Amino acid sequence: MAKQQRVWMRVRQLSRQEKEEIAAACQRFIDEHLKPRFLSEIRPTEFNYPVDLDGRWRGRSYSFFTRYRSGFPENLGEEFDAPLARLDHVEEKVDRVLFDVMWPRHTGRFWPLLVGATLEAAFAFIEKDGLLWPM
């Protein structure tokens, strides 16, 4: 019977400073590209309508989301967040910072659309791929 071998992998965690720099770059991307293109003005409707685009860190992932406000009479003015896209940090790459661009499915799970991209490539992909655009 063969003896099992253990393999050790070096894992690269993002530092607090790196996360802050990435969050600032993502916020610039939202403010300079996504909001002017998809949310130049807020148009209230009798249904749910978008009022903001934003993002935040959650663990090793940076999530982009759309904030909606309800126009229904029974819950008028209530707000909720809906996922737009997610950048998952690829921890296996020790020498550089790479991300997987993830798409939120209707099931609540995320599906990878682009694997191992730099931050700039991820932004370009989000900008051109209609699946990742806010509704």
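Rule-based calculations on the coordinates, nothing more; no lab input. Remember, it's a predicted structure, so these values are computed and weren't measured experimentally. Virtual Cβ from ideal backbone geometry, glycine too; neighbours counted across all protein chains shown.
Starting from the Cα of Lys35, draw a straight line to each of the aspartates and glutamates and keep only those under 15 Å, dropping any in the same chain fewer than 8 residues away.
Lys35 reaches Asp52, Asp54, Glu127.
Out of [x] 14.6; [y] 10.6; [z] 11.5, which label holds the value of mean projected area of the Cα convex hull in nm² that was computed here?
Correct label, based on the coordinates given: [z].
Once you list every other residue whose beta carbon is under 13 Å from the beta carbon of Leu39, what net charge do they have if Lys and Arg are +1 and Asp and Glu are -1? Kindly include the intermediate steps, with their values, before the conclusion.
Values: positive: Lys35, Arg37, Arg43, Arg67, Arg69; negative: Asp31, Glu32, Glu41, Asp52, Asp54.
Once all neighbours under 13 Å are counted, the net charge is 0.
Would region 95-135 count as rounded, prolate or oblate if I go by the C-alpha gyration tensor, calling it rounded below 1.5 in a/c and otherwise prolate when a/b exceeds b/c, oblate otherwise?
Details: a/c = 3.30, a/b = 1.47, b/c = 2.25.
Since a/c reaches 1.5 but b/c is at least a/b, the shape of region 95-135 is classed as oblate.
Let's test the formula: R0 of 35 Å, r as the Cβ-Cβ distance of Glu78 and Glu21. What FRET efficiency results, to the nearest 0.05?
On the way: r = 34 Å, r/R0 = 0.97.
The formula returns an efficiency of 0.55 here.
Give me the number: length gained by fully extending Leu14 to Arg58, i.e. 0.36 nm times residue separation minus the C-alpha to C-alpha distance, one decimal in nm. List each step's numbers first, then the result.
On the way: separation 44, 0.36 × 44 = 15.84 nm, distance 1.24 nm.
In short, 14.6 nm is gained.
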